[in-house]
Structures are given as structure tokens and as C-alpha cells.
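The structure appears below as C-alpha cells.
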Amino acid sequence: MEVGTVYGSPYGAKICEGVRKEEKRVDADRIKKRLQQTDKDIAADRQQSDSVDISGEGRRALREKMSGARRMEQNEDIGKLSPINSGTYGLMNDFEKVMSELGGGSVSDEYVTANYSQADVDALKAKFEGAEGEKTDTFEHYMNKMASAYRLLKDRIEEKYAASGGKKEYYTAEDGSTQELTKEKELEMLDKAYETHSRFMAANTQIWSELRSFQAQTVYHSGSSEKETIAVKKQSADIKEQAYHAFMDAVSEKNSGMLKQEKGSLNHFRLNLGISSSARNTLNGIWDYYANLKDKNA
């Protein structure tokens, strides 16, 4: 039988139809397999893209970090910690805030520590009220404010650690490490805040002294003018050192005790300082001149 005859017959037509159906089934199976393989390839690619090739050293570091995190979770003290203390900068903010309040200023309390008490500052401020008219002994007056602010903050620190059941506090050290905050460390921070302010005000005293000398002098273009300039610079440098030592002596244990016992006004309270009477008068004269000049120009 010729092939043409078979394909031309009804039976041949059925055979052709069957062949076409078989071809379609084979094609469908082939397409299905290709789709399944494509899905597998996509899943493999996705898994590979989500993974990270971690070195042996990296895996060890990751395990140590995870282990440390688990220890932190298991430590009861860590779970109950108060926020990290701002350390020296926090106490500097407290000190500058008190000094601003005593001087009639207004500094934001956004960065003060939890130890800061506005009620205590207001009570201290009342001891410096009533000083009006021409300003005298302004160096003494300001030094009394500095020593009083220092004593106030020191008392708050000592009271905090004297109370039982206080939570542990931590602070960020200068090297970036987190360390436990102790009474000794916090008092050290207060000392640093006070010293920083003392150096700044001593430098201001030197500047005011030079301005006063400049206004009072008539400059002559003579052979002795250079020597006079050197003498003025030496005098202003000495004034800076005298002011700094006076500020630091103001917070001695003896002076702190005297301030604590004083119940009345502190405007003209006299502290024991390690400078001579003449140096003390000079410093008051510089501050008085600047304060009254500032009032005249206001």
C-alpha cells in the first residue's frame, strides 16, 4: 500500500490526526518540563542572591557577638539600666545652666542631667537677689556664684549615692567605651566642669584687663613703647593666673563649709582665697570697670 493512498483514505486521516495529537502531547510535556526547570533555576538564583559568603573569621566574630547579646539578655542588671549618662558634658551643662540662672539668664534644660533640680536652683538664686545700683566687688560676687553652684551640684551627687537601692548608671568614656558611673567618677566630672569654666573666666578677666589698660593709656611712639607693651602683657598674664587660682581656691573644703552655713545673702560674702589683698582688689577693679561699662552701653 502506497503511503499516499493510506493518507488519502479515511483511515489514513485518522492516523494523521492521531500523530498530531501525539506530537501536541509530547510538546506539552516538553514545555511543562522546561517551565519546571525554569522555576528551579529562579529559586536557586534567589537563594544564592540572598546568601552571603562569610569568612571563617567573620563567622567567629558573628558567633561572639551573638553570644554577647545572649549574655546581655540574661543579665538582670543590664535589663534594668537607666539611659546612658552623658558624663562630663552633662555635668558641664548642669553647671552652666545654674550659672545662667544665677545671672538672670535663661538656658535650655534640654541637656541637663536627671540630678538637676530647678527648685534647688531657685532657692539658691534667692540668696543673690537685691544687688542693684553701681556694681562693686563684682569679681567676688561672681566667684560666690561659682562656688555656690559647685557646692549645690556636689551635694546632689553625694545625696544620690547615699540613697540605697539606686540603679546602676553607665557613661561613655572618652575612649568610646561604656563604663559604670561611680560617685568618685561623677565628682571628678564636676571638678572638670568647674575647672573648664574657671579657665574660661580667667581668660575673660585677662581680656578685660587689656581693654581697660588700652582705654586708660596714651600710646607714645617712643623707644620705651616696646618695653611698656611687654610689661602690660606680663601684667595681664599674671592677672589671668591670679584669677584662675582664686576661682579654684573658692571651692576648697573650708569655703564650701562656710557657704553651707550661711543662711542670708551671698552677694558680699567673702571667701578665703590664696591671693594677696592687692591682687584681690585689682581683680575686683577689672570686673567692676567692665560691668559698669557694660551697663552704660546697654
Legend entry - Calculated FRET value between Gln179 and Asn297, using beta carbons and R₀ = 51 Å, to 0.05: 0.60
Legend entry - Residue-count net charge about Val107 - beta-carbon cut-off 12 Å; Lys, Arg +1, Asp, Glu -1: -4
Inset, instruction - Would you kindly derive the ³J(HN,Hα) couplings of the stretch 275-288 from the backbone phi angles with the Karplus curve 6.51 cos²θ - 1.76 cosθ + 1.60 (θ = phi - 60°), listing them in order in whole Hz, with x for Gly and Pro? - result: 10, 6, 4, 5, 5, 5, 5, 5, 5, 4, x, 5, 5, 4
Legend entry - Principal semi-axes in Å for the stretch 239-295 [√(5λ), Cα gyration tensor, largest first]: 22, 16, 9
Inset, instruction - Using the heavy atoms of the protein chains and a 1.4 angstrom probe, tell me the accessible area per residue for the stretch 105-205 in square angstrom. - result: 54
Inset, instruction - Report the net charge of residues surrounding Ser276, where surrounding means a beta-carbon distance below 15 angstrom and charges are Lys +1, Arg +1, Asp -1, Glu -1. - result: -2
Legend entry - Projected label distance in nm at Asp155 and Ser278, using a 7 Å step from Cα toward the beta-carbon: 3.9
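The values are calculated or read from the model by the stated rules, or taken from the named source; none is laboratory data. As the structure is a computational prediction, the values presented were derived from the model and not from experiment. Neighbour counts run over all protein chains shown; Cβ positions are idealised from the backbone, glycine included. The area values use the complete protein model at the heavy-atom level, side chains included, leaving out ligands, DNA and RNA. Shrake-Rupley method; radii C 1.70, N 1.55, O 1.52, S 1.80 Å.
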